[in-house]
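The values are calculated or read from the model by the stated rules, or taken from the named source; none is laboratory data. These numbers were taken from a predicted model, which means no experiment stands behind them. Here Cβ is always computed from backbone atoms with ideal geometry, including for glycine, and neighbour counts include all displayed protein chains. Note: areas computed on protein heavy atoms with side chains; ligands, DNA, RNA excluded. Shrake-Rupley method; radii C 1.70, N 1.55, O 1.52, S 1.80 Å.
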Amino acid sequence: MSGQGPGLFTIFFAAVFTGNILLTLYLGMCSFLAVSRQVRTAIGLGAAVVFVMTATSAINWLVYYYLLLPFDLDHLKYIVFIIVVAAFVQLVEMVIERVSEPLYQALGIFLPLITVNCAILGAALFMIIRHYSLAQSVVYGAGSGVGWLVAIVAMAGIRERLKNARIPRGLDGAGIALIIAGIMAMAFMGFAGMLGLN
Amino acid sequence: MNLKKMRTVTIANLGRENQVFVHVLGICSTLAVTNDLRNTLVMCLGLIFTTGLSNLTISALRSWIPQRVRMMVTTLIIAAYVIIVDIVLKATAPDISRQLGPYVGLIITNCIIMGRAEAFALTNRPLLSLVDGITAGIGYSWVLMVIAFLRELMGSGTVWGIAVLGDWWVKWSIMVMAPGAFFMLALFVWVVKGRFLRDEGGAK
């Protein structure tokens, strides 16, 4: 699935469902487990991830192909990408704080969490490994973000219900969350046949 | 007296304060690389190297790091060590490097390293921090090795790439795929918490 091959829609669909960044690539697990207790906060964090991931994939693509490759600095990509993400998050936080108070209330507290969300860095690295073009990278970033949003909101919905359930000792907390994630991963595997991907 | 502290830190990191199954940190790579024992070992060595040395560096520099930008400084220090791991791996084991793909780079965002740096290295002496970093890495590693052993055995019928189970074994292909990772880690957490950490109450 590399090169010029896949169309934009295929990439998007694959990123949301069949290759869900959380459930098949295991990225962003830490905040997924920590912030999936309530649907409201899950939506807030998910929206912030979609936004940051879309924007940073574009920026990272430009930086990588126009700055790092021409100067043969490929091995510095980890440092550069993480700086881009951190700087972008900081900038967005400042802009949102000035421009819109309600939006800041809704998204602001989640933004610092995103810098250390491995899904963002992971998406940037995958887009390099798969040799995506700029348009493909943006679509891939958006799709991965949406996929992450879908997964965390679904998870939060299930966990809200789970509060009333009796869970075996030792399994409550992380254990049961991982089992739910496993079942969700199996469900998402079912999408694999839809586009003829594997 | 310093040795005593080191022992306390070590024991805590391997068991009661284990980063993976008690604090549930570093889960991304725990799940992603454990379908093959060899890949897991390489990943663990990379992580031990990075946690140990980044803890040492951060601790040595702790009085010069300004409070406001400390996250940025920590991230840069960690990234520098990860780049070393990446380059060494590409040169010595290109196959494994390709299989691990982006997960080597993702050691940067592994929460264990950031967590140890924030929680330990910024307030402790360099040598003690080094010990803490290395043992936190070993605590992570032994959990991963157990999970990887079981997943590889059940999923492909092999250990370290050598077939140990005969043809009679029906491979559980789900074990080397994504859901198997989640189930395996959940079971591991369950057994450890339910059996060995009972007195903690387990309420979180």
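Before moving on, here are some points about what is shown:
- When A:Ile180 is tested against (1) more than 10 Å from chain B (Cβ to nearest Cβ); (2) over 15 Å from the mean Cα position of the chain (by Cα), only condition (1) is not met.
- With respect to the conditions (1) surrounded by fewer than 20 Cβ atoms within 10 Å (Cβ to Cβ); (2) within 14 Å of chain A (Cβ to nearest Cβ); (3) free of Cβ contacts under 8 Å to residues at least 40 places away in the same chain, B:Gly166 lacks only one, and its number is (2).
- Filtered by the rule that a residue be assigned to a helix (DSSP H, G or I) and among the hydrophobic types (A, V, I, L, M, F, W, C), region B:149-171 gives B:Phe149, B:Leu150, B:Leu153, B:Met154.
- Number of positions in region A:68-100 that are open to solvent by 90 Å² or more (accessible area, probe 1.4 Å) and part of a helix (DSSP H, G or I): 6
- Selection count, region B:48-61, where residues are closer than 16 Å to B:Ile87 by Cβ and either open to solvent by less than 30 Å² (accessible area, probe 1.4 Å) or aromatic (Phe, Trp, Tyr) (or both): 2
- Where A:Val49 falls short, out of the listed (1) within 17 Å of the chain's Cα centre (by Cα); (2) open to solvent by 40 Å² or more (accessible area, probe 1.4 Å): (2)
- Residues in region B:76-108 that are free of Cβ contacts under 8 Å to residues at least 40 places away in the same chain and either polar (S, T, N, Q) or not in a helix (DSSP H, G or I) (or both): B:Thr92, B:Ser97.
- Residues (within 14 Å of chain B (Cβ to nearest Cβ) and in contact (Cβ under 8 Å) with a residue 24 or more places away in the chain) located in region A:34-77: A:Val35, A:Ser36, A:Arg37, A:Val49, A:Val52, A:Met53, A:Thr56, A:Ser57, A:Asn60, A:Tyr64, A:Lys77
- Any hit, region A:138-150, residues being more than 8 Å from chain B (Cβ to nearest Cβ) and either in contact with a Pro (Cβ under 7 Å, 6 or more places away or on another chain) or without any contact (Cβ under 8 Å) to a residue 60 or more places away in the chain (or both): no
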